[in-house]
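Novice: First the structure, then my questions, so here it is.
Since every read-out is calculated from the coordinates, none of them should be taken as a lab result. Fair warning: this is a prediction, and the values are worked out from it, not measured in the lab. When we count neighbours, we look across all protein chains shown, and the Cβ atoms used for this are built from the backbone with ideal geometry, even at glycine.
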Amino acid sequence: MADFPVVPLDSIQAQFNIDMIGRNRDDLSSEASTVYVIGADRISTDLHNTVVDANLGTREPLQLNYEYNDPRDPNSFYTRSDHYSYAAKGIPIAFFFTGTHPDYHGAGDTVDKILFPKMQRIAQMVYEAGFNVANTEKALVRDNLGPRTGKGFTGKLGGK
């Protein structure tokens, strides 16, 4: 994707990836307000903070969970989706995901199981974050401080 950009890579502020946001992790009702944010702080603390602020500015903020952002995550979701070709070129990314479930990438993952209100909340928050990035006067700082360095950081990897 990023190998043949239609605009110069240095003019791209950030790349947002939304994948599998219509269900709860393991179909647990306790995950009803959870979205996993992966990679937003690895290249740019500014991007991470923009996502946190956009979430807090929504009518019903989501629970942002950084578990899959841990570099030791055995799933390695950070390196295995569409956003990674941009991250590998130093472009800040934010990947939004709601976790795996029994039908993950299977034939049983049917439309009747989608939680449309949750999906709408996540899409609205991602829209707000993207809008804020697009309308900022300054470029996002690419500080490359690594996982969970901004707002919402609890001081431990794998935590929320």
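Novice: If I take every Cα pair under 8 Å that is 6 or more residues apart in the chain, average their sequence separation and divide by the length, what percent do I get for the relative contact order?
Specialist: Reported relative contact order: 41 percent.
Novice: Using only Cα atoms, tell me the angle between helix 45-56 and the longest principal axis of the chain; keep it within 0 to 90° and round to the nearest 10.
Specialist: 40
Novice: What fraction of the DSSP beta bridges in the stretch 1-154 is antiparallel, stated in percent and rounded to the nearest 5?
Specialist: 30
Novice: While we're looking at this one, here's another question. Distance from a point 7 Å along Cα→Cβ of D82 to each backbone N in the stretch 1-15: keep the residues under 17 Å and list them by number.
Specialist: 1-7, 13-15
Novice: Taking amide H positions as placed in the peptide plane 1.01 Å from N, state which residues far from N65 in sequence (5 or more) or on other chains have amide H under 5 Å from it.
Specialist: Sorted by chain and number, the residues that satisfy this are V35, Y36, V37.
Novice: Using the Cα atoms of the stretch 34-127, I'd like the radius of gyration and the largest Cα-Cα distance, Dmax, both in angstrom.
Specialist: Gyration radius and largest Cα-Cα distance of the stretch 34-127: 13.9, 39 Å.
Novice: Still on this structure, I have one more. Going by alpha carbons, how many degrees (0 to 90, nearest 10) lie between the helix axis of 116-134 and the longest principal axis of the chain?
Specialist: 0
Novice: What are the ³J(HN,Hα) couplings of the stretch 141-148, residue after residue, when phi is run through the Karplus curve with 6.51, -1.76, 1.60 and θ = phi - 60°? Round to Hz, x for glycine and proline.
Specialist: Calculated HN-Hα couplings, in order: 6, 9, 8, 6, 7, x, x, 6 Hz.
Novice: How large is the helix-only mean residue ellipticity at 222 nm for the chain, computed as the sum of -39500 (n - 2.57) over DSSP H runs with n ≥ 4, divided by its residue count, in deg cm²/dmol to the nearest 500?
Specialist: That comes out to -6500 deg cm²/dmol.
Novice: Exposure proxy check: M125, M1, M119, M20 ranked by fewest other beta carbons within 10 Å?
Specialist: The most exposed by this proxy come first: M1, M119, M20, M125.
Novice: So, one more: Connecting C-alpha atoms closer than 10 Å in a GNM of the chain, tell me which of A107, A94, A123 has the biggest fluctuation.
Specialist: Result for the chain, Cα springs under 10 Å: A107 fluctuates most.
Novice: Can you give me the long-range amide H partners of L145? Hydrogens built in the peptide plane at 1.01 Å from N, cutoff under 5 Å, separation of 5 or more residues or another chain.
Specialist: Those lying under 5 Å, H to H, from L145 are T45.
Novice: So who's got an amide H within less than 5 Å of the one on N17, skipping anything under 5 residues away but keeping other chains? H placed 1.01 Å off N, in plane.
Specialist: When sequence neighbours closer than 5 places are left aside, the close amide H contacts are A94, F95, F96.
Novice: Give me the dipole magnitude in Debye, nearest 20, for the stretch 1-43 about the Cα centre, with unit charges on the beta carbon: positive for Lys and Arg, negative for Asp and Glu.
Specialist: 60
Novice: Which residue fluctuates the most in the chain, going by a Gaussian network model with Cα springs under 10 Å, if the choices are Y104, Y66, Y127?
Specialist: Its mean-square fluctuation being the largest, the pick is Y104.
Novice: Per-residue counts of other Cβ atoms within 10 Å, averaged by peptide: what ranking do you get for 48-55, 133-140, highest first?
Specialist: 48-55, 133-140
Novice: Right, here's the next one. Grab the Cα-Cα distance for Q13 and A134, subtract it from 0.36 nm times how many residues apart they are, and report the gain in nm with one decimal.
Specialist: 42.8 nm
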